[in-house]
């Protein structure tokens, strides 16, 4: 499966660290955040990656090149001005093909086994009515309200009878999508992902799983420092994230 890493954002909350360095090149545990992700995807069998860029994108390309040093082929999708998540995916569509593809936020860390996750996503999307398969995690302290309610592998609308008793989790920034989910997004247009996911949820086309392993949204310098300390302390400390 082709995978895309979202790496175009400026990372405003990470300033001043991101004033002169793209956020995915910030280091934790002695390696850039994006390298952790690339290595995990390569271990899962992904041999072709698409990476989108905007802010300081040339630095990312200089650091990773064509990906051969990491055992992968990287295709670069250059945005100029960041187009948000759905806009970035729509622009990269020609590089992603017509089959379902994996998308991972470039500012997360996780010990998820991507290979089995991809296989579970394939199985879920064998249902032609489904458009996406998401990874959900326990709500972190900075996002206690969560994003989606999960019931028997399906993301359910808040208006569904009994929805309130279904657990509500946070979207982990990892998902497998059918290309048609982005049909309404014009290439080059700015567009967020959330409205597309909410629409899929309303149509009953959104599947998901809950992940209880290590995961962190590296949204602030403090979180980056926390991840760095845990990774340097060893796998056990990292898994407690």
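The values are calculated or read from the model by the stated rules, or taken from the named source; none is laboratory data. Everything quoted here is computed from the prediction, not taken from an experiment. Glycine also receives a Cβ, built like all others from the backbone with ideal geometry; neighbour counts cover every protein chain displayed.
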Task: Residues located in segment 73-85, provided they are under 12 Å from residue 4 (Cα atoms) and touching a helix residue (DSSP H, G or I) at 6+ places or on another chain (Cβ under 7 Å) - done: 74, 75, 76, 77
- [ ] Go through segment 192-204 and give me each residue that's surrounded by fewer than 21 Cβ atoms within 10 Å (Cβ to Cβ) and in a loop (DSSP other than H, G, I, E, B).
- [x] 192, 203, 204
- [ ] Could you list all residues from segment 70-104 that are buried (at least 22 other Cβ atoms within 10 Å of the Cβ) and under 30 Å from residue 232 (Cβ atoms)?
- [x] 102, 103, 104
Task: Unique match (being in contact with a helix residue (DSSP H, G or I) (Cβ under 9 Å, 6 or more places away or on another chain), on the phi > 0 side of the Ramachandran plot and surrounded by fewer than 16 Cβ atoms within 10 Å (Cβ to Cβ)) among 67, 30 - done: 30
- [ ] Check residue 186 against each of (1) surrounded by fewer than 13 Cβ atoms within 10 Å (Cβ to Cβ); (2) within 29 Å of residue 13 (Cα to Cα); (3) at pLDDT 95 or above and name the one condition it does not meet.
- [x] (3)
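Could you tell me which residue of segment 157-181 is surrounded by the fewest Cβ atoms within 10 Å (Cβ to Cβ), considering only residues that are in contact with a helix residue (DSSP H, G or I) (Cβ under 7 Å, 6 or more places away or on another chain) and outside any loop (DSSP other than H, G, I, E, B)?
From segment 157-181, those in contact with a helix residue (DSSP H, G or I) (Cβ under 7 Å, 6 or more places away or on another chain) are 157, 176, 179, 181; that's our starting set.
Narrowing further to those that are outside any loop (DSSP other than H, G, I, E, B): 176, 179, 181.
On the way: 176: 24, 179: 16, 181: 22.
Per the criteria, the residue is 179.
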